[in-house]
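Reading through the structure tokens given below for one structure.
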Amino acid sequence: DAGITQSPRHKVTETGTPVTLRCHQTENHRYMYWYRQDPGHGLRLIHYSYGVKDTDKGEVSDGYSVSRSKTEDFLLTLESATSSQTSVYFCAISDFGGSTTDTQYFGPGTRLTVL
Amino acid sequence: QKEVEQDPGPLSVPEGAIVSLNCTYSNSAFQYFMWYRQYSRKGPELLMYTYSSGNKEDGRFTAQVDKSSKYISLFIRDSQPSDSATYLCAMSAKTSGSRLTFGEGTQLTVNP
């Protein structure tokens, strides 16, 4: 998984509780992304980061916030989890360094269940 | 309407068959086209990458892009049970941190 770890790998929580998912990379890639994957929707971008402290929203950002204080770590926070946020969450990284390709490498995923 | 449409399947074929997976898209700005393979309970992994129109071959896999029709395909020759996975198409308008737009994914099973 291209030097990407996600923690926790599985989590069950209750509606209304805060949840933080962590993505850690050892590749020193500039860009990091959070996606969610749901049946019928495929992969949808939540937030992404293009550098330390530089983040932007994706297509499904409502109810989520992110932070990136170090190159290697990208945190996704659900401030008050809802059942609609039950999903599999994937972190991805990419780096360009002059390359023309837009290749993203994905982590193993976190399976989150909100009861 | 989704920007990228992909038939979710499931698709079941016998070992050795030629498999054709397809996506259509509506955004004419897309220039970079990718196919990812995702095994059950794993993250997606990049399988093929193509820029603009044309074909690209890598072993048993061929990616084809027809920008005039806004249609991309992935062909798998001599399919193997190890090819059983979900295949996702993805595309972007430019490099340097552009967002990828994914299809829903097609679930493929190759039966021995």
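The numbers here are math on the coordinates, done by the rules we state, and not lab data. Here the structure is a predicted model, which is why all the values come from computation and not from measurement. Note that we place each Cβ from the backbone using ideal geometry, even for glycine, and neighbour counts take in every protein chain shown.
The alpha carbon gyration tensor of chain B gives principal lengths a ≥ b ≥ c with a/c of 1.5 or higher and a/b greater than b/c, which makes the shape prolate. For the range A:24-115, GluC sites (Glu not before Pro) meeting the loop criterion (DSSP other than H, G, I, E, B) and having at most 15 other Cβ atoms within 10 Å: A:GLU27, A:GLU59, A:GLU79. Working note: Karplus 6.51/-1.76/1.60 with θ = phi - 60° gives the range B:66-77 the couplings 10, 5, 5, 9, 6, 9, 10, 9, 10, 10, 10, 8 Hz, where Gly and Pro are set to x.
If you take the square roots of the eigenvalues of the alpha-carbon gyration tensor of the range A:26-67 and sort them as a ≥ b ≥ c, do you get rounded (a/c under 1.5), prolate (a/b over b/c) or oblate? Since a/c reaches 1.5 but b/c is at least a/b, the shape of the range A:26-67 is classed as oblate.
Calculated translational diffusion coefficient of chain A (37 °C, 0.692 mPa s; Stokes-Einstein with Kirkwood radius over alpha-carbon pairs) equals 233 µm²/s. Among the GluC sites (Glu not before Pro) within the range B:1-89, those in coil by DSSP and having at most 15 neighbouring Cβ atoms inside 10 Å are B:GLU3, B:GLU15.
Remark: the range B:18-107 carries a charge dipole of roughly 240 debye about the Cα centre, counting +1 on each Lys and Arg Cβ and -1 on each Asp and Glu Cβ.
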